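Worksheet: one structure, shown below.
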């Protein structure tokens, strides 16, 4: 059975493809809508201050199963996450995407001019439909203009996810975040791996099991190297060399690089030793 966080089912309603697998009063076909805001919170409850479990970036698709009082309930086509999204952040039709943002963040300008008023910021991995080019700016599907130097083709993969992750040092910690203005530990890992062409699920526990199936697991006490991904219960970080780890964390409330020995000391004192280390690089 799909992980509960990825299961679009309630007692009264479920996605049509789940018919025969889960019990619900009715089953509906999803209606795809596209995130046309800079970012959209996916919340556990249909209210502005509802707990945010994750985010959908601009250009991603949200499959809507129900609409109530300005809120859409459904799931992300990007990673399957289920929750509520403010309808003001979504629109139709869904347009294909051709490019993604490779810069940490960039503005979506109202005109192909750096002096024009920006609509909002686009964070790394936001996606656009690239249209005409004027000077150094690219039309983003009629929604604004993006500096071409901050875009790469949608299938472009960065050569080193650790280098990508290092760019987030100093970024504030935000539970459920996966944007350049704020993100959590698993959001940092998912964002960095996506930029490198390695898709992975959103939360730490799902990342740990998924990556363990796809890559090598080394003993927690074994020597580590750059790129190793270290898991604790509810936490994850990326080794930048054999002694230091990069992670978004609630201790510093930001993304930092620190000696992994210090991280492990705090974790052990909180009753959370390392659960696994996954090696993605040979």
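The values are calculated or read from the model by the stated rules, or taken from the named source; none is laboratory data. Everything numeric here is computed off the predicted structure, so don't read it as measured data. Note: ideal-geometry Cβ built from the backbone for every residue, glycine included; neighbour counts use all protein chains shown.
What the table below lists for this structure:
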item	result
Some residue of the range 108-115 being under 22 Å from residue 62 (Cα atoms) and either surrounded by 17 or more Cβ atoms within 10 Å (Cβ to Cβ) or outside the structural domain of residue 40 (by TED's automatic domain parsing) (or both)	yes
Wholly enclosed helices (runs of 4 or more DSSP H) of the range 177-282 bearing at least 1 residues loosely packed, with under 15 Cβ neighbours inside 10 Å	204-214, 260-269
Filter result for residue 64 (under 20 Å from the mean Cα position of the chain (by Cα) and touching a residue at least 40 places away in the same chain (Cβ under 8 Å))	no
Residue match in the range 85-97 (condition: more than 28 Å from residue 52 (Cα to Cα), at pLDDT 95 or above and surrounded by 14 or more Cβ atoms within 10 Å (Cβ to Cβ))	no
Residues satisfying the stated conditions in the range 130-153, i.e. free of Cβ contacts under 8 Å to residues at least 60 places away in the same chain, assigned to a loop (DSSP other than H, G, I, E, B) and closer than 30 Å to residue 200 by Cβ	141, 144
Members of the range 59-72 found to be buried (at least 19 other Cβ atoms within 10 Å of the Cβ) and assigned to a loop (DSSP other than H, G, I, E, B), listed by number	59, 60
Single residue of 59, 38 found to be in contact (Cβ under 8 Å) with a residue 60 or more places away in the chain and at positive phi	59
Counted residues, the range 74-84 - those being crowded, with 19+ Cβ neighbours inside 10 Å and within 15 Å of residue 44 (Cα to Cα)	7
Which numbered condition residue 75 fails, given (1) part of a strand (DSSP E or B); (2) more than 23 Å from residue 17 (Cα to Cα); (3) touching a helix residue (DSSP H, G or I) at 6+ places or on another chain (Cβ under 8 Å)	(2)
Some residue of the range 13-29 being within 27 Å of residue 123 (Cβ to Cβ) and outside the structural domain of residue 143 (by TED's automatic domain parsing)	no
Any chance residue 156 is touching a helix residue (DSSP H, G or I) at 6+ places or on another chain (Cβ under 6 Å) and without any contact (Cβ under 8 Å) to a residue 60 or more places away in the chain	no
Subset of the range 23-41 [in contact with a helix residue (DSSP H, G or I) (Cβ under 7 Å, 6 or more places away or on another chain) and either under 18 Å from residue 187 (Cβ atoms) or modelled with pLDDT under 95 (or both)]	35, 37, 40
From the options 64, 68, residue that is over 30 Å from residue 160 (Cβ atoms), touching a helix residue (DSSP H, G or I) at 6+ places or on another chain (Cβ under 9 Å) and in the same structural domain as residue 12 (by TED's automatic domain parsing)	64
